[in-house]
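The next block holds one structure in the form of structure tokens; read it before the comments.
The values are calculated or read from the model by the stated rules, or taken from the named source; none is laboratory data. Please read all numbers here as calculations on a predicted model, not as lab measurements. Positions of Cβ are backbone-derived with ideal geometry, glycine not excepted, and every protein chain shown enters the neighbour counts. Please note that ligands, DNA and RNA were not included when accessible areas were found on the heavy atoms of the full protein model with its side chains. Shrake-Rupley method; radii C 1.70, N 1.55, O 1.52, S 1.80 Å.
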Amino acid sequence: MLPEEAWPTPATATGTEEIKLHFEEGELTEVNGEASETPVKAIKYLQQVAGPYGIGRDIHVGDTIIGIKGRVGFEAAAPMVILKAHHALEKHVLTKWQLSWKDQLSSFYGNWLHEGQILDPVMRDIEAFLKSTQKHVTGDVFVQLKPYHFQVNGIESKYDLMNSRFGKYGEMNNGWTGEDVRGFSKIFGNQTMIWHQVKDNA
């Protein structure tokens, strides 16, 4: 690990600090209720707040296109907080398969971008999908900063799909009966049941 003096921002903050990040269609627009003209200004402001906590320090080991591995130390307090907060908000407002495909496509997109292939037309296709997923990624995310650590404490969004109106996970639901569940489980598992019967009788 790098010595303390190697990091650009000294870790001088102590105690804890509560911050609120507001996203509009996936972009950070406010920090603690203060609107920013551009997402870049919001990121810079958040860096000033979170950097002194020593957050976002890491050593990255990556693979290059020419087949060798590289290692680099970096300090990215604001990006690390934003990524975690943004993902927490996405988990509440996106569907299961939006989240799944976004994870897969963003991994490819990041690697292809890293290897200099930004002009490949497939990148425009992926960008269209990513932009579409952000349509409802709007709301507030509450984060607690601590020395060398932070945690997301919750979100508020009018698009939150985790709504008690539809039921409570593992406890109760308002949309179907026990008989509905038994019928669904039987139909959903039909292909697997057929596979086992054919295999056992072969």
Look at I65 and say whether it is part of a loop (DSSP other than H, G, I, E, B) and either free of Cβ contacts under 8 Å to residues at least 24 places away in the same chain or surrounded by fewer than 12 Cβ atoms within 10 Å (Cβ to Cβ) (or both).
-> yes
Quick one: would you say A78 is within 23 Å of K135 (Cα to Cα), of a type in the set (A, V, I, L, M) and surrounded by fewer than 17 Cβ atoms within 10 Å (Cβ to Cβ)?
-> no
Among what's in the range 81-96 and is in contact with a helix residue (DSSP H, G or I) (Cβ under 9 Å, 6 or more places away or on another chain) and over 22 Å from Y45 (Cα atoms), pick the residue that is surrounded by the fewest Cβ atoms within 10 Å (Cβ to Cβ).
-> K91
Of the residues in the range 130-165, how many are open to solvent by less than 60 Å² (accessible area, probe 1.4 Å) and outside any strand (DSSP E or B)?
-> 9
Hey, does the range 44-57 have a residue that's in a loop (DSSP other than H, G, I, E, B) and surrounded by fewer than 17 Cβ atoms within 10 Å (Cβ to Cβ)?
-> no
Please verify whether the range 97-119 includes one or more residues that are closer than 27 Å to T16 by Cα, open to solvent by 30 Å² or more (accessible area, probe 1.4 Å) and outside any loop (DSSP other than H, G, I, E, B).
-> no
Index of the failed condition, N153 passing every other in (1) more than 16 Å from E17 (Cα to Cα); (2) modelled with pLDDT of 95 or more; (3) out of contact with any helix residue (DSSP H, G or I) (no Cβ under 8 Å at 6 or more places or on another chain) = (1)
If you check V31 against the conditions, is it within 30 Å of T16 (Cα to Cα), surrounded by 12 or more Cβ atoms within 10 Å (Cβ to Cβ) and in contact (Cβ under 8 Å) with a residue 12 or more places away in the chain?
-> yes
